[in-house]
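What follows is a short report on a single structure.
The values are calculated or read from the model by the stated rules, or taken from the named source; none is laboratory data. Quantities reported herein were computed from a predicted structural model and do not represent experimental measurements. Note: ideal-geometry Cβ built from the backbone for every residue, glycine included; neighbour counts use all protein chains shown. Accessible surface is based on the protein model in full, side chains and every heavy atom, while ligands, DNA and RNA are left aside. Shrake-Rupley method; radii C 1.70, N 1.55, O 1.52, S 1.80 Å.
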Amino acid sequence: MLIHSASQLLTLTKDSQRGDRLGELGIIPNGAVLINGETILETGTSADLLVRFRNEERLDASGCVLMPGFVDPHTHLVWAGDRAAEFEMRLQGKSYMEIMAAGGGIQSTVNATRAASFDDLLSQTRQKARRVFALGTTSAEAKSGYGLELKTEIKQLDVLLKLDTEGPLELFPTFLGAHAVPKEYQAHTNDYVTLICEKMLPELKWWWGANAQGRPLPFVDVFCEKGAFSLPQSRYILETAKALGFPLKIHADEFENLGGAALAAELGAISADHLVKTIMEDVRVLAASQTAAVSLPCTPFGLVEKEYTPAKELIQAGGLLALASDLNPGTAWCGNMQFVIALACRYMRLTPAQAVAAATINAAAAVGQAERLGSIHPGKQADLLVLSVSDYRHLAYQFGGNLVSKVIKKGKVYSQSELC
Ligand code: NIG
Ligand code: FE
């Protein structure tokens with residue numbers, strides 16, 4: 001298939017973009033992309049490709065931007081229950097961590113997720129997956145973490161494996177058993193940490209081998225935060241996971257700085273996420289490491305807080321900055337990467353080009369997939385978006401809607417009428 005006549009084809013770079021290089025969109029005006037099956041074969045100008053490839057099926061993208069599908073490297077896609085009442089409590093002055101300490105917050109979603117049947121959880125999650133796909137997210141990381149017991153954590157991961165097989169949204173699962181201390185362990189947190197390390201992680205590894213049909217092991221993530229897991233507890237969990245062969249992620253510096261970002265860099269985690277309260281020293285440590293810095297601007301926005309990730313400093317220090325939604329029922333009920341870009345430009349002062357690169361090629365790097373996903377180059381998977389606008393900057397300029405008119409996943413074209 002030849003997709004042609006795009007007003008702007010954003011190829012981006014083959015590899016991720018560190019530091020000042022962030023924002024290289026590789027724009028080809030009047031661009032065209034040749035696809036064979038699931039793979040990109042060639043990119044160039046329409047003038048050239050239309051002459052050389054005359055017999056291929058064609059898709060006319062006149063007046064439209066053609067760009068890589070969004071990769072969302074941090075979501076909590078699988079949950080049951082509803083926390084709208086909590087949102088109202090927060091508006092009335094209760095803090096997120098106060099609600100959590102009083103047994104609400106994550107624990108309330110845990111209760112509902114434990115109670116949900118597999119089929120119910122599958123259909124609720126499928127709905128969310130379809131919605132974010134229609135918004136242009138062609139691949140997403142997705143976490144467990146609303147079970148806090150192996151049975152329910154595995155139920156969540158099983159839902160993700162099923163949905164990944166079903167498509168079209170491609171999913172990269174993460175085990176987040178260390179999302180909160182469950183109510184059964186409130187008085188003895190360390191016992192829960194021991195349970196994760198000595199039982200859950202080894203059993204998960206066994207279950208994955210038997211059920212994940214050869215997929216690589218999932219990421220292991222920890223909510224390193226006062227009121228969740230301390231730095232030594234996070235270290236113990238992540239070191240145990242690493243020794244078992246799991247790749248690592250961390251929730252760091254969302255509300256307070258405990259040193260989680262530096263821990264992620266030290267352990268070679270694939271990413272450190274949130275990074276709102278990150279001090280300059282840790283910004284430099286992270287920037288000098290291979291660990292991606294994932295910023296989630298929907299979270300401070302959703303929590304009505306003023307501080308965001310020090311993105312400019314991270315870029316200046318040479319870091320690898322990615323953007324994600326954090327889609328979850330507590331802090332950010334939003335899986336719209338277009339809105340994430342709009343927020344990142346306004347509150348973190350990224351240029352539209354930097355935000356687009358952070359939501360595509362760098363987001364792919366934050367899930368270890370930059371070789372296959374995140375940009376439009378020969379050999380990469382054909383995951384593309386056709387936008388209803390002719391200038392990519394509208395992704396940042398407009399907000400709150402959906403500028404994606406067609407989603408192409410593994411070479412298959414989905415138009416909005418089929419998606420909604
Ligand atoms: O990334 N901070 C921890 N996890 C989520 C919130 C989860 C929830 O409140 O249900 C986050 O913000
Ligand atoms: Fe999160």
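Structure data summary
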quantity: Packing-based order for 323-336, 203-216, 254-267, using average beta carbon neighbours within 10 Å, highest first; calculated: 323-336, 254-267, 203-216
quantity: Derived scalar couplings ³J(HN,Hα) [region 363-377; Karplus, 6.51 cos²θ - 1.76 cosθ + 1.60; whole Hz; x for Gly, Pro]; calculated: 5, 5, 5, 6, 10, x, 10, 5, 6, 9, 10, x, 7, 10, 9
quantity: Stokes-Einstein D for the chain, Kirkwood Rh over Cα pairs, 20 °C, 1.002 mPa s (µm²/s); calculated: 100
quantity: With DNA, RNA and ligands ignored, accessible area of Cys298 (1.4 Å probe; Å², nearest 10); calculated: 0
quantity: Span from the region 312-370 Cα centroid across to the region 234-275 one, whole angstrom; calculated: 19
quantity: Paramagnetic reach from Glu166 in region 63-95 [backbone N under 16 Å; point 7 Å along Cα→Cβ]; calculated: 77-80
quantity: Top of Ser230, Ser375, Ser123 by mean-square fluctuation, Gaussian network on the chain, Cα under 10 Å; calculated: Ser123
quantity: Inverse of mean 1/r across different Cα pairs in region 115-156, Kirkwood, Å; calculated: 11.3
quantity: Cα centre as origin, Lys/Arg/Asp/Glu Cβ charges: region 68-212 dipole, Debye; calculated: 180
quantity: Solvent-accessible surface ranking, highest first, for Lys155, Lys94, Lys143 at 1.4 angstrom; calculated: Lys94, Lys155, Lys143
quantity: Relative intensity, log₁₀ I(q)/I(0), of region 1-54 from a Debye sum that treats every alpha carbon as a point, q = 0.13, 0.15, 0.25, 0.28 Å⁻¹; calculated: -0.35, -0.45, -0.93, -1.05
quantity: For Thr39, residues with placed amide H under 5 Å, excluding near neighbours; calculated: Ala382
quantity: Label point distance in nm, Asp120-Lys226, each placed 7 Å from Cα along Cα→Cβ; calculated: 3.7
quantity: Of Ala140, Ala84, Ala116, the one that fluctuates the most in a GNM where the chain has Cα springs shorter than 10 Å; calculated: Ala84
quantity: Separation of alpha-carbon centers, region 210-233 and region 21-71, rounded to whole Å; calculated: 38
quantity: Accessible surface of the chain [probe 1.4 Å, protein heavy atoms]: carbon and sulfur percent; calculated: 52
quantity: Tail fraction, Cα-Cα pairs, region 125-187, threshold 13 Å, whole percent; calculated: 62
quantity: Amide H contacts under 5 Å for Val389, placed H, 5+ residues apart; calculated: Val65
quantity: Over region 70-365, relative contact order from alpha-carbon pairs under 8 Å, at least 6 apart, %; calculated: 18
quantity: Charged-residue dipole, Cβ positions (Lys, Arg, Asp, Glu), the chain about Cα centre, Debye nearest 20; calculated: 540
quantity: Ordering of 183-190, 106-113, 391-398 by packing [mean C-beta count within 10 Å, highest first]; calculated: 106-113, 391-398, 183-190
quantity: Solvent-accessible area per residue, Å², over the chain with all protein chains present [probe radius 1.4 Å]; calculated: 38
